[in-house]
Each structure stands twice: as structure tokens, then as C-alpha cells.
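Student: Handing you this structure, nothing more for now.
Please treat every number below as a calculation from the coordinates, not as lab data. Since we're looking at a predicted model, the values are computed, not measured. Note that each Cβ is placed from the backbone with ideal geometry, even for glycine, and that neighbours are counted across all protein chains shown.
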């Protein structure tokens, strides 16, 4: 209970801080370069012209990631689990970055908001890849960190230079990370609860299906607070939660008995 209450409080503080930033910069978002997604209407929700939050449903639903991220960061650190310490803290922090970045994008529909939105997704997908490769190849923490920094550096550079590739790069890295985890790393994780990985994958799959319906306007009510992209945010946050639970279920290997 204390963990959840702390996550709620930190989420509220983060929301207030994000609103303060928007008040300082807006609400005339036309003074900034527009997000590249404006060419395809930036999802179904109709922008509320001259509003501080152009897409309120898509903006507020982003805080699902923030709550889950803080919940992970506040989780008790138990010595009997492998996924603890800085790795778990950073995993939670990447979810917070995703939520804040997504909020900034949908509130402003600006190019800088889009950058921070994708930044968090790259930080998370890069982590999933590096953590899977580390278990698969039995790498040290230093080697895994080097891979993580290299992947993130390349992705962020491409995001800055060619922002139009952001979605496909994220999808590609995420798909590779999940495949490496499922096929290569999972069999090496001691007593890990594979069902939790499946729940996260299911949430991501449903979220992606809703994302397609919303982005193509196949299922679209532009002026409603019920938005498919908002559901994508919440399901994505649920997937992060199950991924954390999956990693956290791994147990240390027993030390060999002396003979």
C-alpha cells in the first residue's frame, strides 16, 4: 500500500511540474516546429486549438507509464531476486521518461515534444535488448552497459537526424529484444515466471492492434475522451508492469556445494 501511495504522490507531483513547464512555454504551440506526425493527424484525437493540452485524453493517459515507473522504483529491494539495484531503478525511470515525454508530445504536438516522447521508448527498448543479451551471453554489467549506451546513442542520433524513422526503429529494436529474451535469455533465467512475460506480450499485442486502428482512423471518435491511443498508453504501462514482474521473478542460481 505504501508503495502504491508513494507512486500516486510522485505521479501527481510530476504532473504538476509538467503542467508548469507547459504554462511557461504555451499555449501558442504554433511558435514551435510541428511534430512530423501532423502529416497523418497525430492519431485520432482532434487537437483543441489554443488549449494548453491539445490532446487531453492522449496527454493524461500518458501518466499511466509514470505511475508504473514510480511504483517500480519504490519497490522493496530483496536480496533473493536477481533484478534489483540500479537495473530495476533505471527500468522504472525509463517508464517515467516515456510517460512525461508522451504527455509533452500530445499536449503540444511539437517536434521537441515528439523527441522526448520517442526518447523514453528508445531508453526502454534498448534496456530490454541489453538485459536479454547480457543473460544470453553471460556478459558482465560493464559489457551490458556499453551495449546499452551504444544502442541508445545510435537510436537517439537517428531520431535527431531522421525523425521520420522513429516508429519503425522502435518497433524493430523492441521486436529483436523480445525475441532474444524469449528464445535465448529466458531458458537461462532460474525459476523465472514465464507466464508474466506472456501477459506483457499480450498487453503489447492488444495495444499495437488498437494503435493501428486509431492511427489509421479505422476506429475513431475525434472529439471523444475515449481514445484508442489513450488505451495504447495504458496497455503499454501494463506491459511494463508485467515485464518488471517477470524480471523480478528470476532467482539467483544456487552456489555449487563443496565436495
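Student: Regarding region 2-248, what's the average projected area of the Cα-atom convex hull, expressed in nm²?
Tutor: Over all viewing directions, region 2-248 projects a mean Cα-hull area of 13.1 nm².
Student: Okay, next question. How do 128-138, 55-65 rank on mean C-beta neighbours within 10 Å, highest first?
Tutor: In decreasing order of mean packing, 128-138, 55-65 become 55-65, 128-138.
Student: Along its three principal axes, how long is region 27-163 when you only count alpha carbons? Whole Å, largest extent first please.
Tutor: Here the spans come out as 52, 33, 21 Å, largest first.
Student: A further question follows. Helix 141-161: angle to the longest alpha-carbon principal axis of the chain, degrees 0 to 90, nearest 10?
Tutor: With rounding to tens, the tilt is 20 degrees.
Student: Then there is this: For a test of the definition: using alpha carbon positions, the gyration tensor, and the 1.5 limit on a/c, classify region 17-67 as rounded, prolate or oblate.
Tutor: Oblate shape, in that a/c is at least 1.5 and b/c is the bigger or equal ratio.
Student: Sticking with this one: Taking N as the number of residues in region 60-124, what is its Cα Rg relative to 2.2 N^0.38 Å?
Tutor: That works out to 1.23 for region 60-124.
Student: Using alpha carbons only, how many degrees (0 to 90, rounded to 10) separate the axis of helix 228-248 from the longest principal axis of the chain?
Tutor: The angle comes out near 20 degrees.
Student: What base-10 log of the normalised intensity I(q)/I(0) is obtained for region 125-258 from the Debye formula, alpha carbons as equal point scatterers, at q = 0.11, 0.18, 0.21 Å⁻¹?
Tutor: Here log10 of I(q) over I(0) equals -0.50, -1.09, -1.29.
Student: Restricting to Cα atoms and excluding each atom paired with itself, what does the Kirkwood estimate give for region 102-193 in Å?
Tutor: Taking every pair of different Cα atoms in region 102-193, averaging 1/r and inverting gives 14.0 Å.
Student: Can you give me the relative contact order of region 2-248 as a percent, contacts being Cα pairs under 8 Å and 6 or more apart?
Tutor: Computed value for region 2-248: 24 percent relative contact order.
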